[in-house]
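Each remark here refers to the structure printed beneath this line.
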There are 2 protein chains.
Amino acid sequence: MSEVERVEYTPISVRETLIMMKDISELMIDLAYSAALFNNRELAEEVIELERKMDTLVYILNMNLMLAARDKDDAESLAGVAKVGSLTNSISDAAADIAGIVLNDIGIHPIVREVFQRTEEHLVRVKVSDDSFITGRTVDDLDLAAEVGADIIAIRRGRHWMIKPEKEIVLPEDVLLARGTASGLRKLARAAKGETKDLDGG
Amino acid sequence: MSEVERVEYTPISVRETLIMMKDISELMIDLAYSAALFNNRELAEEVIELERKMDTLVYILNMNLMLAARDKDDAESLAGVAKVGSLTNSISDAAADIAGIVLNDIGIHPIVREVFQRTEEHLVRVKVSDDSFITGRTVDDLDLAAEVGADIIAIRRGRHWMIKPEKEIVLPEDVLLARGTASGLRKLARAAKGETKDLDGG
């Protein structure tokens with residue numbers, strides 16, 4: 001599915017890597033389902049991006065596990081960790097395959113979609129333009145949850161991802177993934193495009 | 001992995017089934033990771049229970065899809081939905097395999113576990129005894145989030161599951177899955193055992 005890239009060794013803790021992999025796989029499922037149910041190609045593309053990130057993390061995890069093993073007891077219990085890593089990768093592969101259904105234009109039947117659109121919570125991908133007032137503000141400062149009923153669940157800057165971003169993160173020019181009510185997300189999207197000067201649409 | 005059981009046709013909407021499958025797969029990942037990182041067999045057992053539920057749902061989904069298809073256009077787009085269902089099942093299989101690592105006593109190496117235990121959020125399985133003050137109260141009434149900083153993420157009564165339970169649900173005698181701080185979950189566990197008369201430990 002994804003191209004094979006050379007992954008360089010990065011000294012990052014096994015724990016950090018696993019947690020990141022778990023967060024990414026959960027986000028991928030969320031996005032893949034929303035992509036399928038709303039036939040949303042943008043969300044499907046983000047799933048494929050995350051799949052690349054996951055492939056890199058699996059390599060890095062395995063390198064760090066190899067370096068951590070000093071004797072056969074280590075090797076035995078670290079093999080369990082490697083297995084958890086590879087199973088997490090299978091989860092992300094399945095999510096990427098769901099996204100693939102959307103990108104290959106295999107339509108989702110109306111019996112699923114029509115009813116689903118009544119649901120309250122939605123997911124969107126929003127590109128923040130450089131003339132938007134959002135650019136350069138922090139997650140906390142923007143206070144989307146209180147202002148419009150939306151939450152930023154991930155930020156992507158090129159190939160760099162921040163999943164469940166901290167409140168101090170300064171928002172970038174590029175891509176936000178957000179969850180919220182349909183009207184809240186519409187307000188966020190207009191603000192991100194620079195069409196409005198505040199979240200209320202003024 | 002799981003025994004094959006005869007599944008009877010249930011007229012439930014395809015949308016409802018898919019959403020339930022998505023929620024279950026996400027819960028399974030969450031529980032499986034916690035089980036692995038804390039070497040918690042109880043959580044691993046719940047993952048295996050959920051896997052059974054998922055297997056049943058896949059059957060029901062496919063039966064309802066077959067009945068919904070009236071012509072070849074229907075069949076084409078419903079095949080996409082069936083594929084999403086089967087991929088969701090793969091996700092749950094991977095989570096069950098992670099739980100299997102725990103149940104088969106393949107230890108998780110301390111380099112993962114030690115550091116992880118510092119994390120703030122934990123997951124536990126709590127059996128509610130019939131003399132606990134929790135039995136018969138509603139999720140809302142108990143207000144765990146405000147009282148002790150814990151959330152009930154699922155309720156199981158025998159083979160019947162409620163994922164993300166509504167606030168009006170009357171809490172059962174049997175099994176709760178909860179997420180929260182270590183101290184909050186300790187208070188909840190003592191209350192569920194009937195050791196305390198309120199959540200403050202009194």
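Coordinate-derived values only; no laboratory data. Given the structure is predicted, the values throughout are model-derived calculations rather than measurements. Cβ atoms come from the backbone with ideal geometry, glycine included; neighbour counts cover every protein chain shown.
Annotations
- Residue and distance for the chain A Cβ closest to the axis that moves A onto B, in whole Å, come to A:ILE91, 2.
- Averaging the sequence gap over all C-alpha pairs within less than 8 Å and six or more residues apart, then dividing by the number of residues, gives chain A a relative contact order of 21 percent.
- Highest-MSF residue in chain A out of A:ALA146, A:ALA154, A:ALA99 [GNM, Cα springs under 10 Å]: A:ALA146
- When shorter helices are ignored and each DSSP H run of at least 4 residues is given -39500 (n - 2.57), the per-residue value for chain A at 222 nm works out to -18500 deg cm²/dmol.
- Annotation for A:THR138, label-to-label distances across the other copies: 3.9 nm (shortest first, one decimal, point 7 Å from Cα along Cα→Cβ).
- Footprinting exposure proxy ranking of B:ARG137, A:ARG70, fewest other C-beta atoms within 10 angstrom first, gives A:ARG70, B:ARG137.
- Here is the size of the protein assembly as shown from its Cα atoms: Rg then Dmax, 22.0, 65 Å.
- Dipole magnitude of the range B:120-192 about its Cα centre (Cβ charges: Lys, Arg +1; Asp, Glu -1), debye to nearest 20: 340 debye
- Karplus-derived 3J(HN,Hα) values for the range A:184-197, using 6.51 cos²θ - 1.76 cosθ + 1.60 with θ = phi - 60°, are x, 6, 4, 4, 4, 4, 5, 5, 5, 6, x, 7, 10, 9 Hz; glycine and proline are entered as x.
- Pairwise centroid distance, computed over Cα atoms, of the range B:133-187 with the range A:133-184, Å: 31 Å
- The range A:120-192 - percent relative contact order, Cα under 8 Å, separation 6 or more: 47 percent
- Summarising the amide proton neighbourhood of B:VAL175: residues at separation of 5 or more, or on other chains, whose placed amide H is nearer than 5 Å comprise B:VAL128, B:ARG156, B:GLY158.
- Taking 25 Å as the straight-line reach from the Cα of B:LYS72, the lysines in range (excluding those fewer than 8 positions away in the same chain) are B:LYS83.
- Cross-link reach is defined here as a Cα-Cα straight distance under 19 Å, omitting same-chain residues fewer than 8 places apart; for A:LYS164 the lysines meeting it are A:LYS22, A:LYS53, A:LYS127.
- Across the range A:148-153, rounded Karplus estimates of 3J(HN,Hα) from the backbone phi angles (6.51 cos²θ - 1.76 cosθ + 1.60, θ = phi - 60°) give 10, x, 9, 10, 7, 9 Hz, Gly and Pro being marked x.
- The range A:168-180 - phi-based ³J(HN,Hα) in whole Hz, Karplus 6.51/-1.76/1.60, Gly and Pro as x: 8, 4, 7, 5, x, 6, 8, 10, 10, 10, 9, 10, x
- Per-residue mean of foreign Cβ neighbours for B:82-88 is 6 (Cβ atoms of other chains, 10 Å radius).
- Relative to one another, the C-alpha centroids of the range A:38-98 and the range B:17-84 are positioned 21 Å apart.
- For A:GLY136, the residues whose modelled amide H falls within less than 5 Å of its own, excluding neighbours fewer than 5 places apart on the same chain, are A:LEU171.
- Distances in nm from A:TYR9 to the matching label points in the other copies, shortest first (labels 7 Å along Cα to Cβ): 6.1
- Mean Cα-pair separation over length for the range A:12-75, i.e. relative contact order, pairs under 8 Å, 6 or more apart, %: 39 percent
- Taking the fewest neighbouring Cβ atoms within 10 Å as the starting point, the ordered list for B:ASP131, B:ASP174, B:ASP71, B:ASP93 is B:ASP71, B:ASP131, B:ASP174, B:ASP93.
- Normalising by residue count, the range B:27-96 has a Cα convex hull of 59 Å³ per residue.
- Each pair of Cα atoms in the range B:120-192 enters the Kirkwood radius, and Stokes-Einstein at 10 °C and 1.306 mPa s then converts it into a translational diffusion coefficient of 134 µm²/s.
- For B:ASP73, the label point sits 7 Å beyond Cα toward Cβ; its separations from the matching points on the remaining copies run 6.7 nm, from shortest to longest.
- Whole-number D in µm² s⁻¹ for chain B, Kirkwood Cα-pair radius fed into Stokes-Einstein, 10 °C, 1.306 mPa s: 87 µm²/s
- For the peptide B:89-96, the mean number of other protein chain Cβ atoms found within 10 angstrom of a residue's Cβ is 5.
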